[in-house]
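Data block below; observations after.
The values are calculated or read from the model by the stated rules, or taken from the named source; none is laboratory data. Source: prediction; values computed, not measured. No Cβ is skipped: glycine too gets one built from the backbone with ideal geometry, and neighbour counts run over all protein chains shown.
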Amino acid sequence: MLTIAKSAEAKPNASPRAGSSRSAVVLVLMAAALSGTTGTAQALGHAGDPVAVGAGRLAVGGGALVMITLTMGGRRALLTGLRRPLLGLTVIAAVALAICQIAFFSAVASTGVATGTVVALGTAPVVTGLSAAVVFGERLTRWWVAATGLAVFGCVVLVTAHSQGPAQVSPTGVALAAAAGTCYGVYTTAAKALLNQGVPATAAMAVTLSLGAVLLAPVLFIRGAELTGLRPLAMLAWLGLVATAGTYLLFARGLTRLPAATVATLNLAEPLIATTLGLLVLGERPGARAAVGALSLLTGLVLTARRPTQEAPPHGQEDTALQGQS
């Protein structure tokens, strides 16, 4: 975390204007909406190995963003993320993203979809908020705590409403899910630090996703046979180009103008989108319990959007705080 803090010290976060903040909220919610299509796409793609899917979507998404960046003349920006002093941030982000993919899908296999998803989604905004408070000096207001609590509660109710019978709880699976949520929080913080250093959003996402894909290449090589065939390839194209490249590009543009803690809470819109798609596309019929969860989650998101987390303190105060942690 000290590496991120030192990099964040050079260019503290600038406070966005109100209009810019509102548009950034929309971008993050759009990113969550695209990410929320993942479960539906996997169901329609008939892919049996979610770990291979996770590695494949990073490879396609990261590769697509690299191509877009190069087309836009961003070769220098890509290389900047692979050189000192930003190389450490890039590696932290890529490793966190790779571990997040493996840990989450392994957690789901071990402890079930409902438990794994709830633990991971519930952990991510908390870790992001605490990390952002330490690294960037973001103020975690009571409003943010209340809004995040409502959103996490709604997420728990919404996700578990679809489970059948008693929840399957495995200590190993819960630990893996918590690790996935923690790594996502670390990734968000590291990505925010890269953006604060002036790395363009597209280049920052391209370099972190593609490096994460490289780290997961052995998984794809060993377990990628299931991704052959028309349906799995179509699914992989959607997940890689839209639900990964598109998602992270919108996510980064929103993260550029919003505090990391706010972005993490807004990302909880993903299960709400997934449930809506399940209703409209897959014919699922969530009951009253799911409706209560959706309402609580939606309320938390609205509260977060109306009053984002307060930005970092002025430059001198931030430097003093960071020096005190060194």
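A few notes on this one:
- Failed item in (1) of a type outside the set (S, T, N, Q); (2) within 29 Å of Q197 (Cα to Cα); (3) under 15 Å from the mean Cα position of the chain (by Cα), with G63 passing the rest: (3)
- When G129, G154, G137, G173 are screened for being at pLDDT 80 or above, buried (at least 18 other Cβ atoms within 10 Å of the Cβ) and at positive phi, only G137 passes.
- Taken over region 83-95, the residue count meeting the criterion of being surrounded by fewer than 24 Cβ atoms within 10 Å (Cβ to Cβ), touching a residue at least 24 places away in the same chain (Cβ under 8 Å) and of a type in the set (A, V, I, L, M) is 4.
- Take the conditions (1) in contact (Cβ under 8 Å) with a residue 12 or more places away in the chain; (2) closer than 19 Å to A103 by Cα; I222 misses just one of them, which is (1).
- Residues of region 169-195 classified as without any contact (Cβ under 8 Å) to a residue 60 or more places away in the chain and under 15 Å from V113 (Cβ atoms), total: 1
- Of residues in region 273-294 being exposed (fewer than 15 other Cβ atoms within 10 Å of the Cβ) and aliphatic (A, V, I, L, M), the one modelled with the lowest pLDDT: L282
- Inspection of region 68-75 identifies no residue that is over 27 Å from L258 (Cβ atoms), surrounded by fewer than 19 Cβ atoms within 10 Å (Cβ to Cβ), hydrophobic (A, V, I, L, M, F, W, C) and touching a Lys or Arg at 6+ places or on another chain (Cβ under 8 Å).
- Filter pass, G240 being crowded, with 16+ Cβ neighbours inside 10 Å and either closer than 27 Å to P125 by Cβ or under 20 Å from the mean Cα position of the chain (by Cα) (or both): yes
- R84 farther than 27 Å from V174 by Cα and touching a strand residue (DSSP E or B) at 6+ places or on another chain (Cβ under 6 Å): no
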